[in-house]
Structures are given as structure tokens and as C-alpha cells.
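Heads up: the structure comes next, in C-alpha cells.
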Amino acid sequence: MKSLFKIIMITVIFTSINSCKYYNFTGAKPIDADTFQVNYFQNNADLIEPGIERIFTLELQDIIQNQTSLNLVPQGGDLLYEGEIVDYRITPMTATADQRAAQNRLSITVLVRFSNKNKEEDDFEKRFSHFHDYPANEQMIGARLTAGLDEIYARITQDIFTESVAKW
């Protein structure tokens, strides 16, 4: 009886560990890849905010590393992410009674080219964008800029992850 219990437990543990290749808790479907590469995303927007391209590149690397078992490589990755920031815009959204802006919106659009060496039908070139609204009496600098970028990049990188790996 004791050895039967051990066999059952070993089988359950082995099956659980082995099944992680086919399913994980982030929702990413199994992909035929072991490595990924994220090339530096240039900032080609008309309005330039220094450093946002570096932050975006790192955020994209982080989400893929944190939600998959893929290894980040500097070149020759099975999955390749590249592109550029094509739009960085601040626009007034609402006005007060005396025709002044009450709220502004920071919008960022990123053009992504994704390639899967092992499954070319997954390749795409697509724009991803999101925004952050903030009071018009505040400047988009310092902590306000950091909060805005965090919100925007969290959404854009999740959308890129979903489109390229999770395929929901």
C-alpha cells in the first residue's frame, strides 16, 4: 500500500512538472522557441522625450522574461521584437468654463515588428498605443512622467505579449 502511494505521488509530481511545458499560469500558450531578442526601440516621434525608448525596451524584455521561460539573448533569438516609438503626444482633453484645459492626455504609439523563426505565420508588424490622463495644471515631468510611462508601458507591453506569445 505504501509503495502504491509513492508511485501515485511520483506520477502526479512528474506529470505536474512536465505539463508546465504545455501550460502556464500566465496564459501563454506553448511556443516553439527557447530564446527571445528585443532590439533597442528607437524614438522616432516628432516630440522627443529623452530616455523613453530605453525604458520601453527594458519593460518589454522584463514582461517576456517574467511571464515565460524563454531566455533573453543579445542576437539570434528564436523570437525577435524590434521597432520604434512612432508617436509621443500631449493633447488637451477637457476644457473649463473659461476655455482652459482641465485635463491633458499623454499618448504613446509603438510600432512593433515581431518575428518567430520557427513559425513564420506568427510574424506581424503592428502599432500598439495607450494613454495616460492627468490634470492640466501639472507638468509632465518627474514623478508625473514616471507614473504616466509606467501605466502606458504596462498596457502596451502586455498587449504585445498577448499578441505575440499568449495569443488569446
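The values are calculated or read from the model by the stated rules, or taken from the named source; none is laboratory data. Keep in mind it's a predicted model, so treat the numbers as computed, not measured. Every residue, glycine among them, receives a Cβ derived from its backbone with ideal geometry; neighbour counts consider all protein chains shown. All accessible areas refer to the heavy atoms of the entire protein, side chains included, with ligands and DNA or RNA removed. Shrake-Rupley method; radii C 1.70, N 1.55, O 1.52, S 1.80 Å.
Would you mind stating whether residue 80 is in contact (Cβ under 8 Å) with a residue 24 or more places away in the chain, of a type outside the set (Lys, Arg) and out of contact with any Ser or Thr (no Cβ under 6 Å at 6 or more places or on another chain)? Give the derivation first.
Values: in contact (Cβ under 8 Å) with a residue 24 or more places away in the chain: yes; of a type outside the set (Lys, Arg): yes; out of contact with any Ser or Thr (no Cβ under 6 Å at 6 or more places or on another chain): no.
In short, no.
Quick check on residue 40: is it modelled with pLDDT of 95 or more, under 16 Å from the mean Cα position of the chain (by Cα) and part of a loop (DSSP other than H, G, I, E, B)? Step through it out loud before you land on a result.
Values: modelled with pLDDT of 95 or more: yes; under 16 Å from the mean Cα position of the chain (by Cα): yes; part of a loop (DSSP other than H, G, I, E, B): yes.
Against the criterion (modelled with pLDDT of 95 or more, under 16 Å from the mean Cα position of the chain (by Cα) and part of a loop (DSSP other than H, G, I, E, B)), residue 40 qualifies.
For the stretch 128-144, the count of residues that are outside any strand (DSSP E or B), open to solvent by less than 40 Å² (accessible area, probe 1.4 Å) and modelled with pLDDT under 95 is nonzero.
Each row is one residue, and each column tells you yes or no for (1) open to solvent by less than 50 Å² (accessible area, probe 1.4 Å); (2) of a type in the set (Gly, Ala, Ser); (3) over 17 Å from the mean Cα position of the chain (by Cα).
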| position | (1), (2), (3) |
| --- | --- |
| 69 | no, yes, no |
| 83 | yes, yes, no |
| 94 | no, no, yes |
| 102 | yes, yes, yes |
| 106 | yes, no, yes |
| 110 | yes, no, no |
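Only one residue in 164, 115, 69 is assigned to a loop (DSSP other than H, G, I, E, B) and among the hydroxyl-bearing types (Ser, Thr, Tyr). Which one?
On the way: 164 fails: assigned to a loop (DSSP other than H, G, I, E, B); 115 fails: assigned to a loop (DSSP other than H, G, I, E, B).
Just a single option satisfies the conditions, and that option is 69.
Taking the conditions exactly as written (open to solvent by less than 30 Å² (accessible area, probe 1.4 Å) and out of contact with any helix residue (DSSP H, G or I) (no Cβ under 8 Å at 6 or more places or on another chain)), does residue 57 satisfy them or not? Taking the combined requirement at face value, the residue satisfies it.
Would you check if there is a residue in the stretch 83-104 being in a loop (DSSP other than H, G, I, E, B), under 20 Å from residue 164 (Cβ atoms) and modelled with pLDDT of 95 or more? Spell out the reasoning first.
To start, the set of residues in the stretch 83-104 that are in a loop (DSSP other than H, G, I, E, B) comprises 96-100.
Cutting the leftovers down to under 20 Å from residue 164 (Cβ atoms) gives us none.
Scanning the stretch 83-104 turns up no residue that is in a loop (DSSP other than H, G, I, E, B), under 20 Å from residue 164 (Cβ atoms) and modelled with pLDDT of 95 or more.
Among the residues making up the stretch 147-168, those that are in contact with a helix residue (DSSP H, G or I) (Cβ under 9 Å, 6 or more places away or on another chain), at pLDDT 95 or above and open to solvent by 50 Å² or more (accessible area, probe 1.4 Å) are 150, 154, 158. Restricting 33, 28 to those that are within 18 Å of residue 165 (Cα to Cα), buried (at least 18 other Cβ atoms within 10 Å of the Cβ), modelled with pLDDT under 70 and not polar (S, T, N, Q) reduces the list to 28.
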